[in-house]
Amino acid sequence: MKKISKICAIIIVISIALIAIFTANTQISKRNLARNLAEIKTGDIICLGKSTSKDNFDGRWVVLDSTHTNTGDEGIFLASVNAVGNFDGTTILFKDIGDITVSFEDRGQSYAETHPGTTDYQTSDIKTYCDTFLKNNFTKSEQNALIATYKSDNAISIQGPTLSEGKAPSVDFDEAKDVLNGDKIFLLSAEEMSNSDYGFNTDEDRIATYKGEAKGYFLRSPHSPSFPLDVGFVFQNGKVMDYPVNGKSMFTMDTYARVACNLDINQIKSLDKSSDKDGKTVWNVSVK
């Protein structure tokens with residue numbers, strides 16, 4: 001009996017020691033995570049999600065706000081470093097409505113048909129694309145680590161490009177109530193793309209590339225009713241203006257998306273720090 005008692009005592013001592021080691025390691029991991037979270041800065045790169053070459057997503061996100069979401073809550077506000085396209089490698093329209101106006105003649109009379117269209121983000125094709133992007137590029141755990149975002153956008157006027165006469169007219173965007181309604185992947189707004197706190201100080205800061213070439217990408221902001229089928233758009237040179245939802249105007253161009261999300265810091269398990277070839281700080285994220 002004495003021998004058994006000694007064995008039990010040894011087992012208990014070993015168990016207590018293992019628990020103490022595990023607790024100490026857990027506390028160290030928590031301290032390291034807290035320290036790394038405090039080090040993240042606007043402009044850093046966070047790696048999260050699965051890269052897919054056809055849509056040009058490489059798993060890299062630029063930090064727009066390291067402590068708050070785009071609604072001001074606790075979290076990390078992120079935007080994809082690159083512009084992304086359809087999963088078959090083609091471009092994206094905000095909403096495919098065909099030709100805006102079709103003119104024709106019948107029995108000597110001229111007629112024009114206007115095809116229905118909308119600048120509403122929640123019913124757009126590009127919103128559906130964002131939902132598919134979430135499912136295709138994130139594991140279930142990573143999806144759970146993204147915050148479902150609810151937001152309305154205020155109306156905003158931003159300065160447009162300077163014209164040949166030296167004038168710089170404003171570009172006016174309408175308010176958008178409930179523009180984000182539980183979205184985990186979404187487009188940026190005209191206000192966010194003009195916000196210096198997010199690192200967008202110059203046109204160059206807004207430029208995003210698709211497979212190495214600067215390309216234009218849609219925003220979620222509807223233009224004022226003066227242009228009822230235009231939404232916010234960032235052109236190849238980084239200018240924030242407006243462009244038709246179906247990408248058809250006096251000229252056409254390839255149109256893409258630059259997706260954004262809010263990361264729940266409470267779902268982060270670990271952060272590993274490194275640097276990329278451009279000297280930017282890179283954080284590889286592991287979620288719970």
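The values are calculated or read from the model by the stated rules, or taken from the named source; none is laboratory data. Only a predicted model underlies this, so the values are computations on that prediction, with no experimental measurement involved. Glycine gets a Cβ as well: all are built from the backbone with ideal geometry, and neighbour counts include every protein chain shown.
Things worth noting here:
- Among the residues listed as D254, D242, D278, the single one being among the acidic types (D, E), in contact with a His (Cβ under 7 Å, 6 or more places away or on another chain) and closer than 23 Å to D205 by Cβ: D242
- Test result for K215, within 20 Å of I126 (Cβ to Cβ) and part of a loop (DSSP other than H, G, I, E, B): no
- Lone qualifier among D178, D183, D172 - being touching a helix residue (DSSP H, G or I) at 6+ places or on another chain (Cβ under 9 Å), surrounded by 15 or more Cβ atoms within 10 Å (Cβ to Cβ) and in the same structural domain as D153 (by TED's automatic domain parsing): D183
- Any hit, the range 176-184, residues being in contact (Cβ under 8 Å) with a residue 40 or more places away in the chain and in a loop (DSSP other than H, G, I, E, B): yes
- Unique residue being of a type in the set (S, T, N, Q), under 30 Å from Y217 (Cα atoms) and either modelled with pLDDT of 70 or more or not assigned by TED's automatic domain parsing to the domain that holds L134 (or both) when the list is T114, T101, T42: T42
Per-residue answers, yes or no, for (1) closer than 17 Å to A208 by Cβ; (2) under 14 Å from the mean Cα position of the chain (by Cα):
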position	(1), (2)
L37	no, no
I46	yes, yes
T52	yes, no
D55	yes, no
D58	yes, yes
D73	no, no
L78	yes, yes
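Conditions tested, residue by residue: (1) at pLDDT 95 or above; (2) exposed (fewer than 14 other Cβ atoms within 10 Å of the Cβ); (3) small (G, A, S).
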{"residue": "G108", "(1), (2), (3)": "no, yes, yes"}
{"residue": "Y121", "(1), (2), (3)": "yes, no, no"}
{"residue": "I126", "(1), (2), (3)": "yes, no, no"}
{"residue": "E142", "(1), (2), (3)": "yes, no, no"}
{"residue": "A145", "(1), (2), (3)": "yes, no, yes"}
{"residue": "L163", "(1), (2), (3)": "no, yes, no"}
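- Within the range 266-282, the residues that satisfy the criterion of being touching a residue at least 12 places away in the same chain (Cβ under 8 Å) and assigned to a strand (DSSP E or B) are I268, K269, S270, L271, D272, K273, T281, V282.
- Lone unmet requirement of (1) of a type in the set (F, W, Y); (2) loosely packed, with under 12 Cβ neighbours inside 10 Å; (3) touching a strand residue (DSSP E or B) at 6+ places or on another chain (Cβ under 8 Å) for F251: (3)
- Criterion violated by A208 - all others in (1) small (G, A, S); (2) modelled with pLDDT of 95 or more; (3) surrounded by fewer than 18 Cβ atoms within 10 Å (Cβ to Cβ) satisfied: (3)
- Residue list for the range 75-86, filter: assigned to a loop (DSSP other than H, G, I, E, B) and either among the aromatic types (F, W, Y) or closer than 12 Å to Y217 by Cα (or both): N82, A83, G85
- Only one of the listed residues (E192, E204) is acidic (D, E), in contact with a Gly (Cβ under 9 Å, 6 or more places away or on another chain), assigned by TED's automatic domain parsing to the domain that holds V62 and not in a strand (DSSP E or B). That residue is E204.
- Index of the failed condition, P225 passing every other in (1) surrounded by fewer than 23 Cβ atoms within 10 Å (Cβ to Cβ); (2) touching a strand residue (DSSP E or B) at 6+ places or on another chain (Cβ under 8 Å): (2)
- Restricting G49, G89, G98, G72 to residues that are touching a residue at least 60 places away in the same chain (Cβ under 8 Å), in a loop (DSSP other than H, G, I, E, B) and loosely packed, with under 14 Cβ neighbours inside 10 Å narrows the list to G98.
- Complete set of residues in the range 232-265 that are among the polar types (S, T, N, Q) and touching a residue at least 12 places away in the same chain (Cβ under 8 Å): Q236, N237, N246, T255, N262
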